[in-house]
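Novice: Before I ask anything, let me first share the structure, which is written out below as structure tokens.
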Amino acid sequence: MAAPGPSQEPEPREHYLNASYGIRSWLLTKDHKRIALLFLASITFFFFIGGLFALMIRLELMTPPGDLFTSATYNRLFTMHGVIMVFFFLIPSIPAVLGNFLVPMMIGARDLAFPRLNLLSWYIYSIGGLFTMAVVLTGGVDTGWTFYTPYSSTYSNSQVALTVVGVFITGFSSILTGLNFIITIHKMRAPGLTWFRLPLFIWAHYSTSIIMVLGTPVVAIALLLVGLERLLHIGIFDPRLGGDPILFQHLFWFYSHPAVYIMILPAMGVISEVITCFAHKRLFGYNFVAAAAVAIAVLGFLVWGHHMFVSGQSMYAGMIFSFLSFLVAVPSAIKVFNWTATLYKGQIVYSTPMLYAFGFIGLFTMGGLTGLFLATLGVNIHVHDTYFIIAHFHYIMVGGAVMAYLGGIHFWWPKISGKLYPEGWGRLAALIVFIGFNLTFFPQFILGYLGMPRRYHAYPDEFVVLNVMSTAGATILGVGYLLPLVYLIWSMRYGKSAGSNPWNAKGLEWQTTSPPSTENFPITPVVTEEAYNYVPEPIGHG
Amino acid sequence: MAESATATALAHQFDDLEQQREAGYLGMWTFLVTEILFFGGIFTGYTAYRALYPEAFAIGSHHLDYWLGTINTAVLILSSLTMALAVHASQLGRRRSLIGFLAATMTLGTAFLVVKWFEYAHKFEIGWIPGPDFAYRGPHAPQVELFVSFYFALTGMHALHMVVGLGILAVLLVQARRGRFSSEYHSPVVVSGLYWHFVDIVWIFLYPLLYLIGAHH
């Protein structure tokens, strides 16, 4: 199979992008596809703001002494980086952009169940974002993205209240998105589309939505109580009154650990779509991969205590949380093995999305395995609060979630925009991202193992080589992220027409025109086959 | 006439009213699950601290006005009844009684908030509010302040939900007066009823947890 060529089909005359014009038609749209693009613009903005903070962190760490920023400023830099990347980029990234665009299309629906709620979700996100930008412009916040009490509730002299309000508000955006997906997937599937014919992207988003709906309210109340404690002296976590700061950590991690699965589960959904398409094969063990998504969502709620091994929680609780954390590795490993087995004897096309998918599998596996080190009580105490942790979760969140996000954006770009992106540039950017990522974060595993603690702006001279490597890698990574921004925007105007199905992919979203009409499908499709019903082509290349 | 009402009530993304109704119900139930988790977080905190400081929580509870809490409980249970009757009226397409029961529910909800207002005002008068000026100086003073923190956080959050509920009822009332609902199309009333009952149930838990700890004399 060759790489996709320009399509012979003409572009549809009327589609969701030109159905109406003007700023009002976008700001008041109820079309899930347009709302997805609103989210795409907003989260891209926050991705680069958060990236700017990362750049400043890496610049400071290029030299051992804390010479570029004071330690107080440095605290604000890494906190803003964390808050923006976690709450304003990673959590909404795949669900709010690709999920919003694709969930209705993949199940053959005209829209999500509650389109107005969907638009509201974007406005709520934007209001939360405005609060956060206000924090950035008024000096930032320095508690770390985890807002641990009593530092956040009592002692910090930064914009804690404003940040907490911003994150609290944004949480409701996530709740509404999750709720919308759950109802849509339950009630609006096309005729014949049974649960076990659903694409795994849908299973992934269903599992993610469950976490969003069950977890987010808990962090909302925890942050609300911190805000009330700061502003109104409601002292629920105040040790002076007998309140327990550890209670805050429990409530915080009850959401914020599952939040990791909010980031990674949709990414896994993207990978299942991309791997099957470019290996041109059915997914190996579909039922297991689907069940594993739900299992991860459920087990993910039972492991939060592994963030608190050294916080003073009971040793026995620590042992149970350690054991349960090991269990999460089982469904995750099932997925990795099944993707790999899907590649076996596949007719593989090394397209840009596939390169990202390969990157994902390798980096996610490394992030996951180092997660097992961290779930082990003894090792955890050795590497706790070191760069080992930083490297581990960046392998999951950047190596995993962001790689899949970029892969997904490329994979569905022809559907979203109706245009092909330049394949050569795409592959080059994927390669640059992979190299830059590993150069940035692999040295941090070693740094952490050698004992370099996180959240300090200075470090001993012996760590300088590895830190310079990391900063160099971050620069390369930055280039890798800027490239797609440029050529994807370029392709909107100058790209070749994609046609409805440039990848010869299965899935309902590829059966309609690119870009789709506002109603998605001229008539509601009827599904008669399983997902990924790819038929291997006879050997010999056309 | 019924047909044109159906056509205007059906949103474009649904195939029929049945699907739309089911989606609405499931949506509200899912939302209520998020609400349970929201209140669940603070109930967890309450449970932990009450187990740690039982005497302080009893002292705090004894200082609340047992009778005002009881009256408010009765008011809310009654409002749940009128809400259920409003839902019933909407299902039968009885416009006048729907309007009447919605108004009655709003009146009872407002009465609850008025009583709550007087309770809060009294607490402010006697300095029974958390913070550096907390007036109570008896035994277990810091932990009693913790109890009072829970009192304000829990009842405050509940009252906020009541205010939202009253807003929803006001919208329903306007729509009912315009004849928006019929025996075919009434799911907004049903769904809002679910929300109202949920807020009542939260109070059913708050009442004993805050007002009835230990024996009252």
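Novice: Here is a list: A:PHE463, A:PHE437, A:PHE521. Which entry is buried (at least 18 other Cβ atoms within 10 Å of the Cβ) and within 26 Å of the chain's Cα centre (by Cα)?
Specialist: Step by step, each of A:PHE463, A:PHE437, A:PHE521 is checked, and only A:PHE437 is buried (at least 18 other Cβ atoms within 10 Å of the Cβ) and within 26 Å of the chain's Cα centre (by Cα).
Novice: Checking B:GLU35 against (1) at the interface with chain A (Cβ under 10 Å from one of its Cβ atoms); (2) open to solvent by 70 Å² or more (accessible area, probe 1.4 Å); (3) of a type in the set (Asp, Glu), which single condition isn't satisfied?
Specialist: B:GLU35 satisfies all of (1) at the interface with chain A (Cβ under 10 Å from one of its Cβ atoms); (2) open to solvent by 70 Å² or more (accessible area, probe 1.4 Å); (3) of a type in the set (Asp, Glu) except (2).
Novice: Given the criteria within 19 Å of B:VAL144 (Cβ to Cβ), open to solvent by less than 20 Å² (accessible area, probe 1.4 Å), in contact (Cβ under 8 Å) with a residue 60 or more places away in the chain and over 16 Å from the mean Cα position of the chain (by Cα), does B:LEU98 qualify?
Specialist: For B:LEU98, the condition - within 19 Å of B:VAL144 (Cβ to Cβ), open to solvent by less than 20 Å² (accessible area, probe 1.4 Å), in contact (Cβ under 8 Å) with a residue 60 or more places away in the chain and over 16 Å from the mean Cα position of the chain (by Cα) - is not met.
Novice: Got a sec? Which of A:THR208, A:THR184 is buried (at least 24 other Cβ atoms within 10 Å of the Cβ), modelled with pLDDT of 95 or more and within 11 Å of chain B (Cβ to nearest Cβ)?
Specialist: None of the other options fit; the residue is A:THR184.
Novice: Continuing with the same structure: Can you tell me which residues in segment A:343-394 are over 16 Å from A:MET263 (Cβ atoms), buried (at least 17 other Cβ atoms within 10 Å of the Cβ) and touching a Ser or Thr at 6+ places or on another chain (Cβ under 6 Å)?
Specialist: A:ALA375 - this is the single residue of segment A:343-394 that is over 16 Å from A:MET263 (Cβ atoms), buried (at least 17 other Cβ atoms within 10 Å of the Cβ) and touching a Ser or Thr at 6+ places or on another chain (Cβ under 6 Å).
Novice: Just wondering, is there one or more residues in segment A:14-32 that are surrounded by fewer than 20 Cβ atoms within 10 Å (Cβ to Cβ), assigned to a loop (DSSP other than H, G, I, E, B), touching a residue at least 40 places away in the same chain (Cβ under 8 Å) and basic (Lys, Arg)?
Specialist: yes
Novice: Quick check on my filter: what residues within segment A:246-298 are more than 23 Å from A:LEU224 (Cβ to Cβ) and outside any helix (DSSP H, G or I)?
Specialist: Matches in segment A:246-298: A:HIS280, A:LYS281, A:ARG282, A:LEU283, A:PHE284, A:GLY285.
Novice: Based on what the data block shows, is A:PHE337 of a type in the set (A, V, I, L, M, F, W, C) and open to solvent by 50 Å² or more (accessible area, probe 1.4 Å)?
Specialist: yes
Novice: Is it the case that some residue within segment A:345-364 is more than 30 Å from A:VAL535 (Cβ to Cβ) and part of a helix (DSSP H, G or I)?
Specialist: Yes - at least one qualifying residue is present in segment A:345-364.
Novice: (1) open to solvent by 10 Å² or more (accessible area, probe 1.4 Å); (2) over 19 Å from B:ILE77 (Cα atoms); (3) among the hydroxyl-bearing types (Ser, Thr, Tyr): which one isn't true of B:SER192, the others all being true?
Specialist: (2)
Novice: Let me ask you something else. Can you name the condition, by its number, that B:GLU55 falls short on among (1) farther than 30 Å from A:LEU223 by Cβ; (2) in contact with a helix residue (DSSP H, G or I) (Cβ under 7 Å, 6 or more places away or on another chain)?
Specialist: That leaves (2) as the condition not met.
Novice: Also, I was wondering about something else. Let me spell it out: the conditions are (1) open to solvent by less than 50 Å² (accessible area, probe 1.4 Å); (2) within 30 Å of A:LEU466 (Cα to Cα), and A:LEU431 meets all of them except one. Which number is the exception?
Specialist: Result: A:LEU431 passes all but (1).
Novice: List pairs: first residue in segment A:287-305 and of a type outside the set (A, V, I, L, M, F, W, C), second residue buried (at least 18 other Cβ atoms within 10 Å of the Cβ) anywhere in the structure, Cβ distance under 6 angstrom, at least six positions apart or on different chains.
Specialist: Listed by first residue and then by second, the contacts come to A:GLY300/A:PRO258; A:GLY300/A:TYR261; A:GLY305/A:PHE321.
Novice: Right, here's the next one. What is the residue count in segment A:193-205 for residues that are more than 14 Å from chain B (Cβ to nearest Cβ) and either part of a loop (DSSP other than H, G, I, E, B) or out of contact with any Gly (no Cβ under 9 Å at 6 or more places or on another chain) (or both)?
Specialist: Residues that pass the stated criteria total 6.
Novice: Turning to a different aspect of this structure: Looking at this structure, is B:VAL163 modelled with pLDDT of 95 or more and buried (at least 16 other Cβ atoms within 10 Å of the Cβ)?
Specialist: So B:VAL163 fails the test.
Novice: Scan segment A:134-142 and tell me whether some residue there is assigned to a helix (DSSP H, G or I) and over 23 Å from A:ILE390 (Cβ atoms).
Specialist: yes
Novice: Something else now. If you go through segment A:413-441, how many residues are touching an Asp or Glu at 6+ places or on another chain (Cβ under 9 Å) and in a helix (DSSP H, G or I)?
Specialist: Of the residues in that region, 1 qualify.
Novice: Also, I was wondering about something else. Which of the residues that make up segment A:143-166 are part of a helix (DSSP H, G or I) and crowded, with 23+ Cβ neighbours inside 10 Å?
Specialist: A:SER152, A:SER153, A:VAL160, A:THR163, A:VAL164, A:GLY166
Novice: Still on this structure, please answer the following. So which residues in segment A:308-320 are assigned to a helix (DSSP H, G or I) and either surrounded by fewer than 17 Cβ atoms within 10 Å (Cβ to Cβ) or modelled with pLDDT of 95 or more (or both), if there are any at all?
Specialist: Residues satisfying the conditions are A:MET315, A:TYR316, A:ALA317, A:MET319, A:ILE320.
Novice: Could you please let me know if B:LEU26 is facing chain A (nearest Cβ under 7 Å) and surrounded by 16 or more Cβ atoms within 10 Å (Cβ to Cβ)?
Specialist: Yes: the conditions hold for B:LEU26.
Novice: Quick one: in segment A:112-128, of everything that is more than 10 Å from chain B (Cβ to nearest Cβ) and of a type in the set (Gly, Ala, Ser), which residue is surrounded by the fewest Cβ atoms within 10 Å (Cβ to Cβ)?
Specialist: A:SER126
Novice: Somewhere in segment A:327-337, is a residue among the basic types (Lys, Arg) and at pLDDT 95 or above?
Specialist: yes
Novice: Any residue in segment A:222-240 that is surrounded by fewer than 24 Cβ atoms within 10 Å (Cβ to Cβ), in a loop (DSSP other than H, G, I, E, B) and within 10 Å of chain B (Cβ to nearest Cβ)?
Specialist: There is at least one residue in segment A:222-240 that is surrounded by fewer than 24 Cβ atoms within 10 Å (Cβ to Cβ), in a loop (DSSP other than H, G, I, E, B) and within 10 Å of chain B (Cβ to nearest Cβ).
Novice: Can I ask one more? Going through segment B:40-79 one residue at a time, which ones are open to solvent by less than 10 Å² (accessible area, probe 1.4 Å) and within 14 Å of another protein chain (Cβ to nearest Cβ)?
Specialist: Answer for segment B:40-79, where residues must be open to solvent by less than 10 Å² (accessible area, probe 1.4 Å) and within 14 Å of another protein chain (Cβ to nearest Cβ): B:GLY41, B:ILE42, B:GLY45, B:TYR46, B:TYR49, B:ALA56, B:PHE57, B:GLY60.
Novice: Which residues, taken from segment A:442-474, are of a type outside the set (D, E, K, R), part of a helix (DSSP H, G or I) and in contact (Cβ under 8 Å) with a residue 60 or more places away in the chain?
Specialist: A:PHE445, A:LEU447, A:GLY448, A:TYR449, A:PHE463, A:VAL464, A:ASN467, A:VAL468, A:SER470, A:THR471, A:ALA474
Novice: Any chance you could count how many residues in segment B:107-139 are away from every other protein chain (no Cβ under 14 Å), open to solvent by less than 20 Å² (accessible area, probe 1.4 Å) and either without any contact (Cβ under 8 Å) to a residue 24 or more places away in the chain or not small (Gly, Ala, Ser) (or both)?
Specialist: The qualifying residues number 3.
The values are calculated or read from the model by the stated rules, or taken from the named source; none is laboratory data. Small disclaimer: the values here were computed from a predicted structure and weren't measured. Counting neighbours? That spans all protein chains shown, and the Cβs are built from the backbone with ideal geometry, glycine included. In case anyone asks, the SASA skips ligands and DNA or RNA and just uses the protein heavy atoms, side chains included. Shrake-Rupley method; radii C 1.70, N 1.55, O 1.52, S 1.80 Å.
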